[in-house]
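Contents: one structure, followed by commentary.
The values are calculated or read from the model by the stated rules, or taken from the named source; none is laboratory data. All figures in this text were calculated on a predicted structure; none of them were measured in a lab. Here Cβ is always computed from backbone atoms with ideal geometry, including for glycine, and neighbour counts include all displayed protein chains. Accessible surface is based on the protein model in full, side chains and every heavy atom, while ligands, DNA and RNA are left aside. Shrake-Rupley method; radii C 1.70, N 1.55, O 1.52, S 1.80 Å.
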Amino acid sequence: MYFKSLTLSGFKSFGKSTVFEFPSRITSVVGPNGSGKSNVVEAIRWVLGEQSIKSLRGKKGEDLIFNGSDKAARLGKAEVKLIFDNSKKQFPYEFDEVIISRRVIRDGTNEYLLNGSQVRLKDIFQLLSTVGFGSTQHHIISQGEVDRILWASPRDRQEMIEEALGLKEYHLKKRDAERKLGETENNLRQIDAQVRELRPHLKYLATQAEKMKATEEYRRDLQEKARLWAAREHGALAEINKDASSERDPLEDELREKSVRIKELAGEIARAEKSFSGLEIKDAVKEKLTELDERRRALERELGRIEGLLAAGAGSKDSEVSVKMIAGELRDTLSFVKEIADKDSFETLKSGINDIKVRLEKLLKLSVGERDAAADLALEKKKQEMSSELREIERTVTELRTQREETGAVREDTLRELREREHEIRTEERELESIRTKLRTLDFAGEKYKIRHTELANFMRDLKIEENALPQAEPFVGDTDRAQLLRQIERLRIKLEEAGGIDISIVKEYEDTKSRDEFLTNELRDINEAASQLKTLMRELDQKLHEKFSEGLKSINEEFLALFRSVFGGGKAKLAYVAPAVSETGEIVEGGIEIELDIPRKRLRSLDMLSGGERALTSVALLFAMSAVNPPPFLVLDETDAALDEANSQRYGDLLEQLAKKTQLIIVTHNRHTMQRAGILYGVTMSGDGISRVISLKLEEAKEFAKEG
């Protein structure tokens, strides 16, 4: 990269656009006093960001604009352009040329431009810092300032060296980081205060919003469950109504059929009972059979006794009666007595007593061994009579029994049929009662349906539920889940009543406040993170500054020592870093760079002991050493050789040639030794119109021209 050209338009005495081109490593600007040659140096200083109008020999900005003369009108603005070759991209831009411009207008407007685009002064400083330029402008030494680096304070001297080493960029970044950190910490305090102020109110709003949200949830849950309950109840009532209609008609038809059938069965029973009453057996027949049966048994006993007596009389050879026979007769007589004793008929008793009498008489005769033929004959006759009577009794009993059996069979059939009809009618009556019970159940269900239908209508009206908004749901199949869901709904209604009404704007305010709190919290987090990053960046910048400054100072000392010995023929020169310290009085002693010198054959106790020429050469050696370590695009020297004698001027010129190998030099001078080192010589003159003009001459051409002459 090199300094290609300088264009001045309306700057101070350059009332017309003037271009200085710098194709040579050393360019000299010469001219008489008052011609405006120093304005060239000031123009360069100004375009590079000089803010002190006083240092530019002015009082205000418009003093830098060509003010006109008797022969030339004053101008409305001044502009200076520096053009650099950036083909090697030393400036961080893709342009092959970098044009830095500054213009000032009489109304006070001040502008900086970079390749034609308006930028800030800060942008210009950042750009220049990348190539070793800085606000101290140590690379531009005006007349009378050649030894200012010697008289500068240690801190200012350190700043010059840092700029020469290209460390200004790090200082700018550090200051920017410090500024941002200060702003960040200020923002942090402000936001933290806002958060602390916001949190109590947010907590209150959160409580209210939670209540409101809970209320809304209760309300949504209530509506959802209420619609579900209404839908299921609506379906259940529809099913009940459908079932009731389908069940009642068949039951009523069956009720009518059962009633008719019961009437028919009642008629059949009545007819059967009437028929049965005509088939009852008379008491006389029963009594006759009983009497005949008793008579038959009595005749059989008597007949047996007679047969015994007859058999006993016929079988006895000695005509004696055995004790056994008598005992048997007595037993029979006793048995007969017991039998007739149970009778309540007088005739039976009378007849029995006569029989007993006959038995006893016969027994008496037997006991004494008497036989009575007439008695035997009477017994035989009686036997026949009794046998005949028995046969008649048997015949009569048979007839009566046949009659009774025939009548009983019919009666049993009738009775069985009567029982069957009675059983059937009882069954029909039970079924009839069951039907009536079912109908009563349906009637009860109907009443229940009406009540539930009314409850459903009231329920939907109270909760503002539209029938067309009911969801699809299975009907209730029982009272358990119906009652359970209804209890849930009632609990939700109670919760809503307990929650009470909350202003909806509370929720809106809570959401806004919460968003604000979240935003501030995020801001706090981001700011804390940014502050941490800035602190880290500052530590890194400090470390880089320390490392690069130490390395650069070492390199400058090597160059400074070499140049110093070259100028003074020996001796020592060194830049020493002094750290900040605290004095005995507690004051902070500012650190920086001290200069330590040892000139041959001269005992130095301070820089004040240097002569003007020695100071100039020492300063130039130091400046050249600084430039040699980190060469800037150019150096501007404004009559820095004015105080040098012949010998020192020669040495000064030698230094210029060494330095020109590393950077461009623009030198304003009257010294012929300096002029001889230049490749191009610009002569500045001023005519009667007060405008500076420039004449250029390449010294090689001048030498050739002189030879030809």
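Would you tally the net charge around Val29, using a Cβ to Cβ cut-off of less than 11 Å, leaving Val29 out, and scoring K and R as +1, D and E as -1?
Values: positive: Lys37; negative: Asp638, Glu639.
Within the 11 Å Cβ shell, the charges total -1.
When each of the peptides 220-233, 177-190 is scored by the mean number of other C-beta atoms lying within 10 Å of its residues, the order from highest to lowest reads 220-233, 177-190. For segment 36-174, the square roots of the Cα gyration tensor eigenvalues, ordered a ≥ b ≥ c, give a/c of at least 1.5 with a/b no greater than b/c, which places it in the oblate category.
Pairs Lys77/Lys544; Lys173/Lys698; Lys89/Lys544: which exceed 31 Å Cα-Cα? Before the final figure, lay out the partial values.
Values: Lys77/Lys544 42 Å; Lys173/Lys698 43 Å; Lys89/Lys544 23 Å.
Cα-Cα > 31 Å for Lys77/Lys544; Lys173/Lys698; rest within.
Here is the link list: Lys213/Lys514; Lys59/Lys168; Lys263/Lys438. Which ones come out longer than 19 Å on Cα distance? Could you put the intermediate results ahead of the total?
Details: Lys213/Lys514 15 Å; Lys59/Lys168 29 Å; Lys263/Lys438 21 Å.
In this structure, Lys59/Lys168; Lys263/Lys438 lie more than 19 Å apart at Cα.
Here Lys12 is the anchor, and the aspartates and glutamates within straight C-alpha reach of less than 18 Å, apart from those fewer than 8 places off in the same chain, are Glu42, Glu50, Glu62, Asp63, Asp70, Glu79, Asp107, Glu111, Asp638, Asp689. Here the peptides 162-173, 114-125 are ranked by packing, the mean other Cβ count within 10 Å, and the order with the highest first is 162-173, 114-125.
Within the accessible area of segment 1-122, the carbon and sulfur atoms contribute 48%, probe 1.4 Å, all protein chains present.
Potential lengthening of the chain between Glu547 and Arg461 amounts to 22.4 nm, from the contour at 0.36 nm per residue minus the alpha-carbon distance. For the chain, the longest principal axis of the C-alpha atoms and the axis of helix 699-708 are separated by about 30°.
Residue by residue, segment 467-482 carries 3J(HN,Hα) couplings of 4, 6, 9, 6, x, 6, 7, 6, x, 5, 9, x, 8, 5, 5, 5 Hz when phi is fed to the Karplus relation 6.51 cos²θ - 1.76 cosθ + 1.60 (θ = phi - 60°); x denotes Gly or Pro. Database remark: amide H of Glu97 closer than 5 angstrom to the amide H of Asn86 (H placed geometrically; neighbours at sequence offset of 5 or more, or on other chains; Pro and chain starts carry no H).
Test of understanding: express the Cα radius of gyration of the chain as a ratio to 2.2 N^0.38 Å, with N the residue count.
Values: Rg = 76.7 Å, N = 709, 2.2 N^0.38 = 26.6 Å.
Dividing the Cα Rg of the chain by 2.2 N^0.38 Å gives 2.88.
For Val119, the amide hydrogen comes within under 5 Å of the amide hydrogens of Tyr112, Leu113, Leu114, counting only partners 5 or more places away or on other chains and with H modelled in the peptide plane. The simple Förster model, with R0 at 51 Å and r as the Cβ-Cβ distance, assigns Ala576 and Ser687 a FRET efficiency of 0.45. Principal-axis analysis of the Cα atoms of the chain puts helix 154-164 at an angle of about 80° to the longest axis.
When the accessible area of segment 585-709 is computed with all protein chains present and a 1.4 Å probe, what percentage of it is carbon and sulfur? Looking at segment 585-709 in its full context, I get 50 percent from C and S.
Work out, step by step, the length gained on full extension between Glu178 and Lys662: first 0.36 nm times the residue separation, then minus their alpha carbon distance; give nm to one decimal. Can you show the working numbers first?
Values: separation 484, 0.36 × 484 = 174.24 nm, distance 3.49 nm.
The span from Glu178 to Lys662 would gain 170.7 nm if fully extended.
What FRET efficiency comes out for the pair Gln650/Ala73, r = Cβ-Cβ distance, R0 = 60 Å, nearest 0.05?
Details: r = 47 Å, r/R0 = 0.78.
FRET efficiency, Gln650 to Ala73: 0.80.
Segment 1-24 and segment 626-667 have Cα centres lying 21 Å from one another. Taking a straight line from the alpha carbon of Lys357, these lysines sit under 25 Å away, with near neighbours fewer than eight places off in the same chain left out: Lys324, Lys338, Lys343, Lys365, Lys381, Lys382, Lys383. Couplings for segment 104-121, taken from phi via the Karplus curve 6.51 cos²θ - 1.76 cosθ + 1.60 with θ = phi - 60°, read 10, 10, 4, 6, x, 5, 10, 10, 10, 10, 10, 6, x, 9, 5, 9, 9, 4 Hz in order; Gly and Pro are left as x. The overall shape of segment 580-654, judged from the alpha-carbon gyration tensor, is oblate: a/c is not under 1.5, and a/b is no greater than b/c. Each label point was placed 7 Å from the Cα along the Cα-to-Cβ direction; for Ile105 and Lys448 their separation is 9.8 nm.
Applying 1/(1 + (r/R0)^6) with r as the Cβ-Cβ distance of Glu291 and Leu364 and R0 = 45 angstrom yields a FRET efficiency of 0.90. The residues of the chain have, on average, 57 Å² of accessible surface per residue, using a 1.4 Å probe with all protein chains present.
Across the accessible surface of segment 417-484, with the other protein chains kept in place and a 1.4 Å probe, carbon and sulfur atoms take up 50 percent. The 3J(HN,Hα) values that the Karplus relation (6.51, -1.76, 1.60; θ = phi - 60°) gives for segment 74-85 are, in residue order, 6, 9, x, 8, 10, 9, 10, 10, 10, 10, 10, 7 Hz. Gly and Pro appear as x. Rounded, prolate or oblate, given the Cα gyration tensor of segment 516-652, with a/c below 1.5 counting as rounded? Since a/c reaches 1.5 and a/b is larger than b/c, the shape of segment 516-652 is classed as prolate.
Extension gain for the segment Gln223 to Thr396, taken as residue separation times 0.36 nm less the Cα-Cα distance, is 52.4 nm to one decimal.
When you count the other C-beta atoms within 10 angstrom of each residue and take the mean per peptide, 473-481, 564-572, 91-99 line up highest first as 564-572, 91-99, 473-481. For Lys662, the lysines whose Cα falls under 16 Å of its own Cα, not counting residues fewer than eight places away in the same chain, are Lys4, Lys88. Computed from Cα atoms, the angle from the helix 646-660 axis to the main principal axis of the chain rounds to 30 degrees.
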